[in-house]
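The values are calculated or read from the model by the stated rules, or taken from the named source; none is laboratory data. Just so you know, these numbers come straight off a predicted model, no measurement behind them. As a convention, Cβ positions derive from the backbone with ideal geometry for all residues, glycine included, and neighbour counts pool all protein chains shown. These accessible areas exclude ligands, DNA and RNA; they are computed on the full protein's heavy atoms, side chains included. Shrake-Rupley method; radii C 1.70, N 1.55, O 1.52, S 1.80 Å.
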Amino acid sequence: MATKTINLNTEDIEDDCLCSETTTSCSIPLEQKDVEETQSLALNRPNGYLKGESRIERAWSHWKKLGEPKLIVAPMVDNSELPFRLLCRKYGAEAAYTPMLHSRLFNEDEKYRAMEFSTCKEDRPLFVQFCANNPDTLLEAARKVEPYCDYVDINFGCPQRIAKRGNYGAFLMDNLSLVKSLVEKLANNLNVPVSCKIRIFPNLQDTLSYAKMLEDAGCSLLAVHGRTRDEKDGKKFRANWEAIKAVRNVVRIPVLANGNIRHIDDVHSCLEETGADGVLSADPLLENPALFAGYRTAEWGLGVAGVKEDDKLDQAELLIEYLRFCERYPVPWRIIRSHVHKLLGEWFRIQPSVREDFNKQYKLTFEFLYDLVNQLKELGVRIPLYVKDTQQAVSAN
């Protein structure tokens, strides 16, 4: 994969710096006993000695030890980093994926590792996701993180052009022998289980054969995005829950459903219709990290029967909580900048001058961001989140 070209101007430099003047790397703040507990959970021996039925039993045993999490933060490049994962966990998320990490860069570049991967004791259960097209490179990267996670995940779902150029993600669907070798390499050599995140083929039977192949290769958990490689626009193309249900019915390992999870009612509908063991949400969480706690944005709450305006929590308050996590666990400013736009996008539409002022800031500070939130409040901007009206529900009963 071609590495990203960095324009050496002040804005790029500042946005790629960690949001702490005193922190120079994102270390992994875990004590040795935490590592030992993780290895104990993984039985402290590679998956390779297990075959067939024993491997399936171990897949379920591991999943149950984790508490069978159903509400999961999907992997999002530059968006599912540690502070955001912790915010989502505070509001109902039961597990989370890291952003996709490039396995070769992770091995070769210490700065890349420090900037792109961090975790902490509270950040569990955790999937660490890699993209790769070389089994040995993937294994080397996976071994660096296996003491700190519950699954090493392989990205077979990225449909973007950069994945096509780099020959990874969903474009490995054209080379299933390589896909199989990547899964087998990890399954036979890691202590922690291997999970895979995939997209569906246009033909259902191809999807089912794909899923069975991954299971046979040693995949212990399968997350299925119910869209094809060409269906990139989640708002234009509805995810195919029927295809996810069909996968769930042919494999014997845990299956997670990805797609169309915009609010908590979607969670319940998806679990019921697909039979999946959990759901992933991505973009909707960026606007509403409290989605899994039952909160809705105005798009999914305003005018909906049985749903009322919440008078306490809103996106500005969620941003403040996120920033506090960032102060504790520094991340690059570019990531914080992205989250500000996602969380306050509708607020900025009401007060575009505040957005313009934000965009002019080539060097962000926490003081500036806290003041920005206060400025919006002083200008009278507040877009509420919405929740189920429990009192109305009780009255109805």
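Enter the per residue convex hull volume of segment 119-208, computed from alpha-carbon coordinates, in Å³ rounded to the nearest integer.
Normalising the Cα hull of segment 119-208 by residue number yields 107 Å³.
Within 10 Å, at most 16 other Cβ atoms, and a DSSP state outside H, G, I, E, B define an exposed site. Report the longest part of the chain free of exposed GluC sites (Glu not before Pro).
Numbers: sites that count: E21, E31, E122.
With a cap of 16 other Cβ atoms within 10 Å, the longest stretch comes to 123-397.
What nm distance separates the two modelled labels at E309 and R324, each placed 7 Å from Cα along Cα→Cβ?
About 2.5 nm, to one decimal.
About the Cα centre of the chain, what is the dipole size in debye to 20, counting +1 per Lys and Arg Cβ and -1 per Asp and Glu Cβ, all else neutral?
For this selection, approximately 940 debye.
Could you bin all the Cα-Cα distances of segment 244-397 into 10 Å bins starting at 0 and give me the percent of pairs in each, rounded to whole numbers?
Bins of 10 Å from zero give 10, 32, 30, 20, 8, 1 percent of pairs.
With label points built 7 Å along Cα→Cβ from the Cα atoms of N134 and F237, find their separation and express it in nm.
My value for the distance between the label points is 3.1 nm.
If you take the alpha carbon radius of gyration of segment 218-257 and divide it by 2.2 N^0.38 Å, what ratio comes out, to two decimals?
The value comes to 1.25.
Using the charge dipole of segment 197-350 (Lys, Arg: +1 at Cβ; Asp, Glu: -1 at Cβ; taken about the Cα centre), state which of L302, L214, H263 has its Cα farthest towards the positive end.
Checked the options; the winner is L214.
For segment 110-142, state which trypsin sites (Lys or Arg not before Pro) are in a DSSP loop and have at most 14 other beta carbons lying within 10 Å of their beta carbon.
K121
Mind computing the radius of gyration and Dmax over the alpha-carbon atoms of segment 302-371? Å is fine for both.
Both quantities, over Cα of segment 302-371: 13.9, 44 Å.
Amide H of Y168 versus every other amide H placed in the peptide plane: which residues, excluding those fewer than 5 positions away on the same chain, fall under 5 Å?
none
Please list the non-local residues whose amide H lies under 5 Å from the amide H of M76, H modeled 1.01 Å from N, same-chain partners needing a gap of 5 or more.
M100
Using a 1.4 Å probe over the heavy atoms of the protein chains, calculate the carbon and sulfur portion of the accessible area of the chain as a whole percent.
46
Once both labels are modelled 7 Å past Cα along the beta-carbon direction, what's the E356-I162 spacing in nm?
Taking the simple label geometry, E356 and I162 are separated by 3.1 nm.
For segment 232-314, with only Lys/Arg (+1) and Asp/Glu (-1) charged at the beta-carbon, what is the dipole magnitude about the Cα centre, in debye rounded to 20? Present the calculation step by step, with values, prior to reporting the outcome.
Working: 11 positive and 14 negative charges, 82 e Å.
Charge dipole, segment 232-314, about its Cα centre: 400 debye, nearest 20.
Exactly which chymotrypsin sites (Phe, Trp or Tyr not before Pro) in segment 348-391 are in a DSSP loop and have at most 14 other Cβ atoms within 10 Å? Walk me through the numbers before you get to the answer.
Numbers: sites: F348, F358, Y362, F366, F368, Y370, Y386; in loops: Y362.
For chymotrypsin sites (Phe, Trp or Tyr not before Pro) across segment 348-391 that sit outside H, G, I, E and B with at most 14 neighbouring Cβ atoms in 10 Å, the list reads Y362.
By what distance, in whole Å, do the Cα atoms of segment 233-330 stretch along each of the three principal axes, largest value first?
Largest to smallest, the principal-axis extents are 44, 39, 24 Å.
Work from the charge dipole of the chain (Cβ charges, +1 for Lys and Arg, -1 for Asp and Glu, about the Cα centre) and give the residue of A316, W63, F366 farthest towards its positive end.
W63
If you take the charge dipole of the chain about its Cα centre, with +1 on Lys and Arg Cβ and -1 on Asp and Glu Cβ, which of C88, G275, I72 is farthest toward its positive end?
Going by the Cα projections, it comes out as G275.
How big is the antiparallel share of DSSP beta bridges in the chain, given as a percent to the nearest 5?
Once the DSSP bridges in the chain are tallied, antiparallel ones form about 15 percent.
Placing unit charges on C-beta atoms (Lys and Arg positive, Asp and Glu negative, everything else neutral), compute the dipole magnitude of segment 255-295 about its Cα centre in debye, rounded to 20. Walk me through the numbers on the way to the answer.
On the way: 1 positive and 7 negative charges, 19 e Å.
Computed about the Cα centre, the dipole is about 100 debye.
Need the full-extension length gain, K212 to K70, defined as separation in residues times 0.36 nm minus the C-alpha distance. One decimal, nm.
Working: separation 142, 0.36 × 142 = 51.12 nm, distance 2.23 nm.
Length difference between fully extended and current span is 48.9 nm.
For the chain, report the accessible area per residue in Å² (1.4 Å probe, heavy atoms, rounded to an integer).
Values: 17890 Å² over 397 residues.
Normalised by residue count, the accessible surface of the chain is 45 Å².
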